[in-house]
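The values are calculated or read from the model by the stated rules, or taken from the named source; none is laboratory data. Just so you know, these numbers come straight off a predicted model, no measurement behind them. Ideal geometry is used to build each Cβ from the backbone, glycine not excepted, and the neighbour counts take in all protein chains shown.
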Amino acid sequence: MSKSISELRNMLNQRTNESTAELEKMGKLSARQRMDVIFDQGTFVETGAFVGSGDKDSSDGYGAVITGYGSIDGYLVFAFAQDYSRLHGAMSVEQTAKIANIIQMAADKGTPLIGVFDSAGAKIDDGLSTLDNLGIAISTLTACKFDEPTIAVISGPCGGAAAVFASMFDYKIISRQSGSLYMTPKVALEDKTLVEADALLENGFVDIVADNDEAACKEAADICRYYSTTAAENINDSAERDFSADVLSGEYDVHDVINELVDKGSFKELQATHAKSVVTGLGFIDGIPVGIVANNRAKNNGKLCACGAKKAAEFVNMLNRTCLPVVTLVDSEGTVMADKVEIRGLAKNMAGLAEAYSDIADNGCSGVTVVIGNAFGTVLTVMGSKSLGISMSFALDNAKIGVMNPSTAVEFLGKVDDESKAKQTAEKWAETNSSPLEAAREGFVDDIIETSELRARVAASLLMLQT
C-alpha cells in the first residue's frame with residue numbers, strides 16, 4: 001500500500017537528520033543544509049521533493065538530489081544540490097531528470113543557477129539510462145540561453161560525465177576540504193594531487209577555492225550578488241573619489257590598482273593562481289557590477305602567454321554571455337617568447353581573445369579599456385582595443401603605446417650608433433612614436449586622462465553605457 005503524504009514528509013525529515021549526522025563526520029553539509037547556506041533564511045522552496053527511485057513505496061532514492069528556488073538578498077535563484085549520504089549521491093535517472101527540470105526552470109525565468117556536485121558517479125543499476133538522462137541535462141544546459149550566471153559548487157567527488165557537466169558552468173567553486181574534479185580516478189593517477197582543489201585552481205580548471213563545503217556555498221551566493229539589481233544599495237563609495245597614483249609607482253602589482261579602482265572591498269579574483277600575468281575578477285565601480293581583465297606588470301612585465309590569453313578570453317566570453325561590462329587595464333611589454341609558449345598555442349589563444357572582445361558589441365554588451373602603462377605590439381590590439389569595437393578607450397598621460405618596445409624599435413631600425421646612448425635614443429624615439437597623444441590623434445584611444453581621474457572617468461563611462 002502506498003505511503004500517505006504525512007508518512008512521506010516524516011520520512012524526509014528523518015532522513016535529513018540521519019544524513020546530517022553522517023556527513024558531519026566527513027566535513028560536509030547535507031543537500032538541505034547547503035540550500036540553507038545559499039539562500040536567505042526561510043526562502044527556499046523545494047521542487048520534486050517526492051521524486052524517488054521509481055519504486056513508489058521505496059525511500060532509498062529520495063533525497064539523492066534536492067532541487068528548488070529561493071532568494072539571495074531578494075534576488076530569485078534556482079539550485080540543485082546532491083547529497084552524498086543518499087546512495088553516495090548516485091546519479092540516477094530520476095535525479096538527472098530533476099536536475100534537467102530545474103535548469104529549464106532557471107532559464108525560463110532568466111535567473112542564476114547554482115549546482116552543488118557531490119556524487120560518486122552514475123547509479124549502475126539504472127544502466128545506460130542514467131548516462132542518457134545526464135546527456136539530456138547537459139543538452140538542456142547548453143540549449144538554454146542564460147543571461148544570468150551558472151555556478152557549479154564542487155563539494156565532494158565529481159568525476160566522469162559529472163565532471164564534464166560541472167565544467168560547463170560559468171563559475172566553478174571547489175571545497176578544499178572535500179571537493180575533487182577528475183576524469184581519471186585518483187587511484188589511477190601518478191600525481192594524486194591533480195584532482196585536488198589547489199592544483200585545479202593553478203591549472204585553471206576552477207575559479208575559486210573555498211576552505212570547506214559551507215564556505216564554497218557562500219561563495220556561490222556571493223557571485224549571484226554581482227548580478228543582483230539590489231547589490232549596489234550596499235555600496236558605500238563615491239565615484240568622484242580621487243584615484244591614488246601611489247598604486248602605480250615603481251614595480252607595482254595590478255591587484256593594488258584594481259582595488260583602488262573598484263568600490264572598496266568589492267573585488268573578487270577568479271583563477272588567482274593560474275596564469276598570474278593576467279588578473280581576472282568581478283567588482284563594482286560606483287555600484288555598477290563589472291568584470292575586470294588586467295595585465296599584471298609584477299609578473300614577467302605583464303607579457304601575455306598562451307595560458308594568460310586563454311584565461312582572459314574565457315572570462316570575457318562568459319561576461320558576454322551574462323552581459324556584464326568588461327573593464328580592461330593594459331600594461332604589457334608584449335608576448336612571452338619561448339618554445340613552450342608556441343607549443344601551447346599562443347597565436348590561437350590570442351585569436352580567441354581578440355574574438356571574445358570583438359563579440360562584446362555584437363552581443364549588446366559594453367566595455368571600457370584603459371592603457372595604464374605600456375602597450376606594445378599585438379597585445380595592444382587584442383586586449384580590448386577600439387579596433388575590436390570596445391565601447392570606450394583611454395590612456396593615462398604617462399602611458400607608452402606603440403608597435404613595439406622603444407628599445408627594441410630603435411635597435412631594429414638601426415638608430416643606435418652609440419650603445420652607451422641607447423637608452424636616450426629609445427626615450428627620444430618614444431616621445432614621438434609611443435606617446436598617448438599620438439595614439440589619440442589616430443583615434444586609437446578616446447581621451448588621455450590624468451591618473452587621479454581614472455576611477456571617475458571609468459565610472460562615468462560605465463554609467464553612460466548603461467543608459
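Checking segment 193-204 against the condition returns a match, with at least one residue being part of a helix (DSSP H, G or I), in contact (Cβ under 8 Å) with a residue 60 or more places away in the chain and loosely packed, with under 15 Cβ neighbours inside 10 Å.
Selection within segment 377-387: residues that are surrounded by fewer than 21 Cβ atoms within 10 Å (Cβ to Cβ) and in contact with an Asp or Glu (Cβ under 9 Å, 6 or more places away or on another chain). The member of this set that is modelled with the highest pLDDT is 386.
Tell me, please, whether a residue that is farther than 22 Å from residue 105 by Cα, part of a helix (DSSP H, G or I) and touching a residue at least 12 places away in the same chain (Cβ under 8 Å) can be found in segment 138-160. There is no residue in segment 138-160 that is farther than 22 Å from residue 105 by Cα, part of a helix (DSSP H, G or I) and touching a residue at least 12 places away in the same chain (Cβ under 8 Å). Residues considered: 239, 215. Of these, the only one that is over 21 Å from residue 290 (Cα atoms), among the small types (Gly, Ala, Ser) and over 14 Å from the mean Cα position of the chain (by Cα) is 215. Of all residues in segment 339-353, those satisfying the criterion of being modelled with pLDDT of 90 or more, surrounded by 20 or more Cβ atoms within 10 Å (Cβ to Cβ) and aliphatic (A, V, I, L, M) are 346, 350, 353.
Counted as qualifying within segment 1-113 are the helices (runs of 4 or more DSSP H) with 1 or more residues that are at pLDDT below 75, namely 5-24. None of 285, 292 is under 16 Å from residue 366 (Cβ atoms), free of Cβ contacts under 8 Å to residues at least 60 places away in the same chain and β-branched (Val, Ile, Thr) except 292.
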